[in-house]
Amino acid sequence: MENNEKGINNFLFTAYNNRVETITLAQRTQNGRKDLYIPYIYKKLKEKYAFSESDCKMESSGEESWLTFCDKDGYSSHIKRFTDEHIADVLAIGYKYDFFRQKLSLPLLDDDERFLLYVSLVAADYAEDKKYVLRRLSDVQSCSLDGVFNFRLVELKSRWKEVTEYIPTDFGKYSLESFLDYVIADGEGRGYLKNGKAYDENYRLLDKSELLGKSSQVAELLLGGVGQVYCFGETDETTKAFLKKYYKEKAVFC
């Protein structure tokens with residue numbers, strides 16, 4: 001990368017002309033936390049455009065990583081929409097999860113229970129949050145993820161803050177169970193578990209929990225808004241216990 005690209009934090013640049021679109025996405029690792037977002041978007045772009053002659057690369061200097069994508073096939077408008085979809089997931093899932101993780105002190109819950117609460121809070125309004133983020137990205141050609149989060153999502157962040165104010169410090173296991181019942185009851189569509197992976201009703205792999213830094217079948221079901229689950233083959237005991245407790249008859253073990 002050129003020197004003037006160094007030190008950029010979560011920088012996204014999109015340049016358009018009649019035939020070529022170039023996307024450069026970079027992120028500095030903060031407080032030693034491993035970057036999750038660029039690899040996720042890179043993977044999605046590589047999978048989607050594997051058929052094309054477009055050039056997609058991801059590199060890292062240790063302190064920061066960056067992605068460049070150069071469209072050589074004239075799909076620029078489609079690429080913009082596709083990239084925005086996954087940037088919206090990064091913000092509506094990854095950033096929101098971190099927001100709750102940093103804002104909520106929940107001493108009565110253990111680590112696994114806190115994880116379930118954070119994921120459930122993200123999942124409860126995921127569809128609406130993503131639509132909001134996409135609207136805020138529609139006219140953006142050059143931005144930083146932090147910039148979008150801090151300045152374009154002010155109203156959304158305010159809603160998230162209101163949620164944290166409704167959750168008391170003494171929020172315990174019973175309250176968590178009630179909230180999980182509410183979120184799962186609101187789920188629609190089928191989901192499938194097989195060989196440690198989760199799929200939606202169209203048999204597409206669910207992998208959004210990668211944005212949480214913790215792969216989890218339960219998180220995939222919650223984030224996917226799954227209302228009924230079919231399990232094939234062996235299911236780990238933790239996931240099985242969750243399904244029996246919360247999905248009850250809506251979990252089918254085949």
Q. Within the set of pairs 6+ apart or on separate chains, which have a first residue in the stretch 195-210 that is among the acidic types (Asp, Glu), a second that is open to solvent by 90 Å² or more (accessible area, probe 1.4 Å), and C-beta atoms under 6 Å apart?
A. Glu201/Arg190
Q) Across the stretch 195-238, what is the number of residues that are under 13 Å from Val119 (Cβ atoms) and among the hydroxyl-bearing types (Ser, Thr, Tyr)? A) 3
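Could you tell me whether any residue of the stretch 136-143 is assigned to a loop (DSSP other than H, G, I, E, B), among the β-branched types (Val, Ile, Thr) and open to solvent by less than 30 Å² (accessible area, probe 1.4 Å)?
yes
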Q: Scan the stretch 62-112 residue by residue and report those that are of a type in the set (D, E, K, R) and assigned to a helix (DSSP H, G or I).
A: Lys80, Arg81, Asp84, Glu85, Asp89, Lys96, Asp98, Arg101, Lys103, Asp111, Asp112
(Q) Taking the conditions exactly as written (closer than 21 Å to Ala92 by Cβ and not aromatic (Phe, Trp, Tyr)), does Gly233 satisfy them or not? (A) no
Q) List pairs: first in the stretch 151-175 and over 16 Å from Tyr118 (Cα atoms), second open to solvent by 30 Å² or more (accessible area, probe 1.4 Å), Cβ under 8 Å, 6+ apart or cross-chain? A) Arg152/Arg136; Leu153/Arg136
Q: May I ask you to say which residue of Ala251, Ala198, Ala241, Ala219 is within 25 Å of Gln102 (Cβ to Cβ), among the small types (Gly, Ala, Ser) and at pLDDT 95 or above?
A: Ala219
Q) Which one of these does Asp146 not meet: (1) crowded, with 17+ Cβ neighbours inside 10 Å; (2) part of a helix (DSSP H, G or I); (3) in contact (Cβ under 8 Å) with a residue 24 or more places away in the chain? A) (1)
Q: Select from the stretch 241-254 the residues that are in contact with a strand residue (DSSP E or B) (Cβ under 8 Å, 6 or more places away or on another chain) and among the basic types (Lys, Arg) and write down the one among them that is surrounded by the fewest Cβ atoms within 10 Å (Cβ to Cβ).
A: Lys244
Q: Write out, first by first residue and then by second, each pair whose Cβ atoms fall under 7 Å of each other, whose residues are 6+ apart or on separate chains, and whose first residue, in the stretch 110-135, is free of Cβ contacts under 8 Å to residues at least 60 places away in the same chain and over 16 Å from Lys208 (Cβ atoms) while the second is among the hydrophobic types (A, V, I, L, M, F, W, C) and open to solvent by less than 30 Å² (accessible area, probe 1.4 Å).
A: Arg114/Leu106; Tyr132/Leu156
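Can you go through Glu53, Glu63, Glu85 and tell me which one is modelled with pLDDT of 80 or more, out of contact with any Cys (no Cβ under 7 Å at 6 or more places or on another chain) and not hydrophobic (A, V, I, L, M, F, W, C)?
Glu85
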Q.
From the list Tyr132, Tyr126, Tyr166, exactly one residue is among the aromatic types (Phe, Trp, Tyr) and over 24 Å from Gly224 (Cβ atoms). Which is it?
A. Tyr166
**Q.** Top-ranked residue of the stretch 97-124 - restricted to ones that are of a type in the set (Asp, Glu) and modelled with pLDDT of 95 or more, ranked as least open to solvent (accessible area, probe 1.4 Å)
**A.** Glu113
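The values are calculated or read from the model by the stated rules, or taken from the named source; none is laboratory data. Only a predicted model underlies this, so the values are computations on that prediction, with no experimental measurement involved. Please note: Cβ atoms are built from the backbone with ideal geometry, for glycine as well, and neighbour counts cover all protein chains shown. Side chains included, ligands, DNA and RNA excluded: accessible areas come from the protein's heavy atoms. Shrake-Rupley method; radii C 1.70, N 1.55, O 1.52, S 1.80 Å.
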